[in-house]
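The values are calculated or read from the model by the stated rules, or taken from the named source; none is laboratory data. Please read these numbers as outputs of a predicted model, since none were measured by experiment. Because the Cβ atoms are built from the backbone with ideal geometry, glycine has one as well, and the counts that use them run over all protein chains shown.
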């Protein structure tokens, strides 16, 4: 298996609340998962699933917010994007078809 980095944009709950009150406010957060997969396409599919899983748990009380890779910037890279060393250090690698600990992700992404 090879390591890939799936990065994605999303709105945090606090940004979402502000955006509902002020539609001109559009601050997006970013997250990245280190995924161990057979290919970049497998990493992309699993990254999309992980992002959706994370956002659904993050917004458990507010199901009006739905994350989709069509609505936010997402990418799969073979090298760790700059500035994410600390988050990956907290999370570690995620094997294809495995979920990380939600609270570790929340802490690593500062949500």
Check: Checking residue 53 against (1) over 12 Å from residue 3 (Cα atoms); (2) out of contact with any strand residue (DSSP E or B) (no Cβ under 6 Å at 6 or more places or on another chain); (3) outside any helix (DSSP H, G or I), which test does it fail?
Finding: (3)
Next item on the list: Assess whether residue 71 counts as being surrounded by fewer than 13 Cβ atoms within 10 Å (Cβ to Cβ), within 16 Å of residue 10 (Cβ to Cβ) and touching a helix residue (DSSP H, G or I) at 6+ places or on another chain (Cβ under 8 Å).
Entry: no
Item checked: From 67, 84, residue being in contact (Cβ under 8 Å) with a residue 40 or more places away in the chain and under 16 Å from residue 3 (Cβ atoms) -> 84
Check: Scanning region 16-28 for residues that are surrounded by fewer than 16 Cβ atoms within 10 Å (Cβ to Cβ) and closer than 28 Å to residue 89 by Cα, which turns out modelled with the lowest pLDDT?
Finding: 27
Margin query: Being surrounded by 16 or more Cβ atoms within 10 Å (Cβ to Cβ) and over 13 Å from residue 31 (Cα atoms) is the filter here; which residues of region 74-95 pass it?
Written below: 94
Notebook entry, point to check: What is the one condition in (1) closer than 21 Å to residue 11 by Cβ; (2) assigned to a helix (DSSP H, G or I); (3) touching a helix residue (DSSP H, G or I) at 6+ places or on another chain (Cβ under 9 Å) that residue 88 does not satisfy?
Noted result: (1)
